[in-house]
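The values are calculated or read from the model by the stated rules, or taken from the named source; none is laboratory data. Because the structure is predicted, anything quoted here is derived from the model rather than measured. Cβ placement follows ideal geometry from the backbone for every residue including glycine, while neighbour counts extend to all protein chains displayed. Note: accessible area is taken over every heavy atom of the protein model, side chains too, but ligands, DNA and RNA are not part of it. Shrake-Rupley method; radii C 1.70, N 1.55, O 1.52, S 1.80 Å.
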Amino acid sequence: MTHSDRMLQLAIVEVTDARPHAPEYDAYTRGMTRRTVSDASILGWDARLLTAERLGTDGLLDATESADAIVIMGGEDLAPEFYGGQPGYEGEGHHYRTADAAELALVRRAALRATPLLGICRGHQVINVAFGGTLVQHMEESGHRLTDLPVEYTLVEHPVSLERSSTLALRLGEHITVQSGHHQVIDRPGPGLRAVGWSHDGHIEAVEHDILPITGVQWHPEAPMAPTDQLERLLDGLEREALRQLAA
């Protein structure tokens, strides 16, 4: 895909590229990130992988200055102070506060510039927090991830219902199957965001902005067992939005 004789640039943002305390989780997460970069490149994007924890806020904003679209990948929970939560909650793990601050700043600038943006899992939650929304810090309900198993078995397949009038439903269909692996969900959507997808137990699984090309999905379209065309359809949607913004 090209615009004015150049490839459209997609910034794919990961939390960190080093998890010495969790090598298995790091390898699994990195595999899904590599697939996103690879699939985007095959579709014609100039896909660039950026690490929020290493770059920090100024570095990440500089590195994405010319991006036509952005994907914020999954990873660890946001530190609770960014959304008014309390530390010490059940299931709390390692936090990357430098990455949290950088990704929140990136979403807010994308909103100011109307840059097309997709958030996946953690990225979906980053979008909500950036717009002033809140999170459920820990779900007691099962059905969204498996614990006490090797990391490659933590994702759970479950249905999601998408609002008929939503852009996501137009791209993916109203009733889809997804791969999820999370213990936090959106509680209150931030101003300007609306819930457009729900899991079988009523939790919010997708949000869209009322007027901006910003979308979040709680599931993992890039997971090894995800429907084969789910990530491609989402990336194609980003392409259409990027071209629409460039033509405006």
For the stretch 177-184, in residue order, the Karplus 3J(HN,Hα) values (coefficients 6.51, -1.76, 1.60; θ = phi - 60°; whole Hz; Gly and Pro = x) are 10, 10, 10, 10, x, 8, 10, 10
Of every hundred units of 1.4 Å-probe accessible area on the chain, the number belonging to carbon and sulfur atoms, as a percent, is 51
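Leaving out ligands and nucleic acids, and using a 1.4 Å probe, what accessible area per residue does the stretch 1-138 come to in Å²? Intermediate results must be reported in sequence, preceding the final value.
On the way: 5400 Å² over 138 residues.
Using a 1.4 Å probe on heavy atoms only, each residue of the stretch 1-138 averages 39 Å².
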Simple SL model, points at 7 angstrom along Cα→Cβ for Thr177 and Leu61; separation in nm is 4.4
Here the stretch 234-248 yields Karplus 3J(HN,Hα) values (6.51, -1.76, 1.60; θ = phi - 60°; whole Hz; Gly and Pro given as x) of 5, 5, 4, x, 4, 4, 4, 5, 4, 5, 5, 5, 5, 7, 5
Note on the chain, DSSP bridge orientation, antiparallel percent to nearest 5 equals 55
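Using 1/(1 + (r/R0)^6) with R0 = 35 angstrom and r between the beta carbons of Ala114 and His200, what's the FRET efficiency to the nearest 0.05? Could the numbers behind the result be given before it?
On the way: r = 33 Å, r/R0 = 0.96.
Step by step, r from the Cβ atoms, then E = 0.55.
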Phi angles of the stretch 207-217, converted by Karplus (6.51 cos²θ - 1.76 cosθ + 1.60, θ = phi - 60°) into ³J(HN,Hα) in whole Hz with x for Gly and Pro, give 9, 9, 7, 4, 10, 9, x, 10, 9, x, 10
Rounded to the nearest Å, the spacing of the alpha-carbon centers of the stretch 77-117 and the stretch 154-229 is 19
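Can you give the net charge of the other residues whose Cβ lies under 12 Å from the Cβ of Glu232, counting K and R as +1 and D and E as -1? Spell out each step's value before the answer.
Values: positive: Arg35, Arg171, Arg233; negative: Asp39, Glu222, Asp229, Asp236, Glu239.
Once all neighbours under 12 Å are counted, the net charge is -2.
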Label model pair Ile211, Arg188: point-to-point distance (7 angstrom along the Cα→beta-carbon line) in nm is 2.3
